[in-house]
Amino acid sequence: MGATEVEIRLLGPVEVAAGEARWPVGPPQRQLVLAIFAAQVGRQVSVDTLVDRIWEDRPPPAARRAVQAHVTRLRQTLSGAGFGAALTGRSGGYLLDLEPLRVDLYRFRQVAAQARDDHRGGAERVALLESALRCWQGQPLSGLDGSWVDTTREVWRRERVDAMVAWAETAFAVHGAERVIAPVAALVAEEPLCEPLVAVQIRALTAAGRAAEALECYAGIRTRLAEQLGTDPARELQEAHLAVLRDGAGSRRAVSSPAGLEPQRAIWLRRQRIATSNVDEAKLRYLDEAVRQAVADSERRPPAALVPHVRDLRDHVDQLLGGRQHPPQRARLFTVATYLSGLLGALALDLSAFPTARGYAAEAFDLTDALGEPDVQAWARGVQSLIAYYAGDFHDALAYAQDGRRRAPRGQQSVRLTINGEARALARLGDRYGVEAAVDHALTLVEELPPQTDVSVSLATAPYCRARTAANAATAFLCVGAPEKVAGLVADALTVFDRAELRGPQALSRLDLATATLHGRGRDVERACHLAAEALAVTVDQRFWSVHQRANQFLAAARPWAGHARVRQVAALVAERDRRPPKPAGHLPSRP
């Protein structure tokens with residue numbers, strides 16, 4: 001990009017700038033809107049997502065009009081800066097249609113990625129990393145606050161730290177100790193808890209014959225880690241410390257090598273590359289927690305609001321996988337990537353985007369198939385089975401569930417695959433005997449594999465709870481014409497779902513019970529319609545594919561009473577639900 005070309009800056013104050021020229025963006029809230037667009041340049045951002053990120057749980061009544069006003073002003077600013085009609089409207093949202101390199105974040109990422117290419121020479125890699133780091137003008141999204149800002153800022157900060165560490169290690173290898181001691185000290189001042197940076201600092205000081213200063217650096221970070229994090233230095237730092245004690249000032253002595261063999265320094269540099277990783281335990285714990293929270297949020301937040309956050313996490317993990325890690329660290333990153341891709345598949349299902357859902361689910365399985373971890377493979381097969389079931393591909397749903405069980409016969413996913421996958425798919429295929437066998441097996445497994453909580457999430461990595469198992473069993477029995485078994489299974493499950501306020505299971509179990517109430521000697525059309533109306537009421541703010549599908553199945557079962565006033569009322573509620581867009585906030589119903 002030319003030095004004077006206009007760009008959007010996020011790695012510091014949010015600005016539209018070219019060199020020293022600036023185009024005013026406006027107040028902090030408008031800066032936040034621009035930052036959200038620029039962080040996802042080339043991808044649509046829904047109005048719901050904007051409202052969620054700006055106001056979080058407390059949007060004002062006029063939130064959508066405020067967003068529209070911000071967009072209007074930003075269009076004027078971008079047009080005045082020479083971007084033209086870059087900010088365009090889309091159905092339900094907006095898209096910033098720019099070349100990504102016109103955003104400093106993406107330019108930083110591209111140049112840093114180029115520097116990771118091992119085919120480049122050391123000096124070229126140093127120059128590229130220096131160019132990448134010059135994109136930073138201070139704290140990213142400076143002056144802004146909020147949950148999205150905090151999470152995003154932390155993700156970007158870690159990317160910068162990775163680039164800083166890569167520069168320090170490469171510059172030390174290429175230029176030697178004296179050239180890097182002062183710059184690395186400045187970087188350590190910015191990131192005083194970054195152990196890989198301090199390790200380079202210690203090695204450089206040792207190589208320069210300044211062992212006493214190297215020991216002071218080690219003592220300093222050991223104290224900081226103990227006081228601020230309650231941890232000891234990692235292995236890399238400990239080894240650098242031992243090298244100081246072992247080599248001291250003598251580390252500068254050159255050691256000749258016999259003809260045809262590599263110099264000792266070349267071997268040492270290769271050892272350093274082998275030991276290098278762009279992730280540490282803190283980052284892996286952060287990603288594990290982010291995945292756990294995202295899976296839990298899929299039961300609580302609208303899918304359109306959650307998708308951008310999960311996509312950002314998935315993109316970040318993909319960038320990390322482009323670098324180096326130790327084999328156990330890389331395996332953990334593959335596991336995280338599996339869960340994120342599978343979660344994106346389930347969210348796409350929530351939004352009725354079936355081809356996209358299948359693509360994400362297939363990617364999740366490809367990742368875990370390469371990983372070779374049976375429980376994670378079984379989890380990914382469960383996602384594929386879920387999507388195939390709601391897409392009406394019942395043979396595929398059954399095949400995926402059975403393959404998941406074969407991979408981990410007594411694993412954490414056994415209950416989920418048996419009841420959510422096999423039993424329901426067998427029911428749709430008309431196999432009552434198979435349904436009864438699957439339900440019996442699932443109820444036995446629940447006793448052998450007790451869940452960790454009273455109510456498990458739909459995409460749980462731990463065993464399914466009894467309430468979800470019973471609710472899925474009720475759905476299966478209803479499909480094979482055994483409505484008399486539904487009430488007993490649903491009763492206890494509904495108590496758990498109501499207490500947990502899980503809107504999806506609350507609605508779906510009521511709809512199953514409503515349909516069962518239309519059959520048999522105890523037929524009660526009034527009560528059935530009351531239950532169906534309750535189900536639609538608890539999910540009034542959401543448009544969730546499984547509730548939509550189950551409500552229409554109830555209406556199909558109620559067709560003999562189509563003239564009944566209460567049946568017409570439920571039909572009107574379903575029709576109104578189909579016409580009305582979902583509200584931007586509120587709980588996301590759970591998949592059963």
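General remarks:
- Ranked by how many other beta carbons lie within 10 Å on average, peptides 344-353, 200-209 from highest: 200-209, 344-353
- Percent carbon-and-sulfur accessible area, the chain, ignoring ligands, DNA and RNA, probe 1.4 Å: 52
- Calculated from backbone phi, Karplus (6.51, -1.76, 1.60) coupling profile of segment 104-112 in Hz, x at Gly/Pro: 4, 4, 6, 5, 4, 5, 5, 5, 5
- Computed FRET value (nearest 0.05) for His119 with Glu448, which takes r as the C-beta separation and R₀ as 45 Å: 0.30
- Using Cβ point charges alone (K and R +1, D and E -1), the dipole size of the chain about the Cα centre works out to roughly 940 debye.
- What the Cβ-Cβ distance of Asp318 and Asp232 gives, at R0 = 25 Å and to the nearest 0.05, is a FRET efficiency of 0.20.
- For the chain, accessible area per residue (1.4 Å probe, heavy atoms of protein chains only), Å²: 44
- Computed [θ] at 222 nm, helices only, for the chain once each DSSP H run of length n ≥ 4 contributes -39500 (n - 2.57): -20500 deg cm²/dmol
- Between Gly121, Leu518, Ala474, the Cα set farthest toward the positive side of the dipole of the chain (charges on each charged residue's Cβ, about the Cα centre) is that of Leu518.
- Across the chain, the relative contact order, built from alpha-carbon pairs under 8 Å that are at least six residues apart, equals 9 percent.
- Sorting the segments 550-563, 493-506 by their residues' average number of neighbouring beta-carbon atoms within 10 angstrom, most packed first, yields 493-506, 550-563.
- The 3J(HN,Hα) values that the Karplus relation (6.51, -1.76, 1.60; θ = phi - 60°) gives for segment 33-45 are, in residue order, 4, 4, 4, 4, 5, 5, 5, 10, 4, x, 10, 5, 10 Hz. Gly and Pro appear as x.
- Theoretical FRET efficiency, 1/(1+(r/R0)^6), r = Cβ-Cβ of Glu484 and Arg90, R0 51 Å, to 0.05: 0.55
- The 3J(HN,Hα) values that the Karplus relation (6.51, -1.76, 1.60; θ = phi - 60°) gives for segment 423-431 are, in residue order, 4, 5, 5, 4, 4, 5, 8, x, 9 Hz. Gly and Pro appear as x.
- Taking Cα atoms only, the orientation of helix 122-133 departs from the longest principal axis of the chain by about 60 degrees.
The values are calculated or read from the model by the stated rules, or taken from the named source; none is laboratory data. Please read all numbers here as calculations on a predicted model, not as lab measurements. Note that each Cβ is placed from the backbone with ideal geometry, even for glycine, and that neighbours are counted across all protein chains shown. Only protein heavy atoms, including side chains, enter the accessible area calculation; ligands, DNA and RNA are left aside. Shrake-Rupley method; radii C 1.70, N 1.55, O 1.52, S 1.80 Å.
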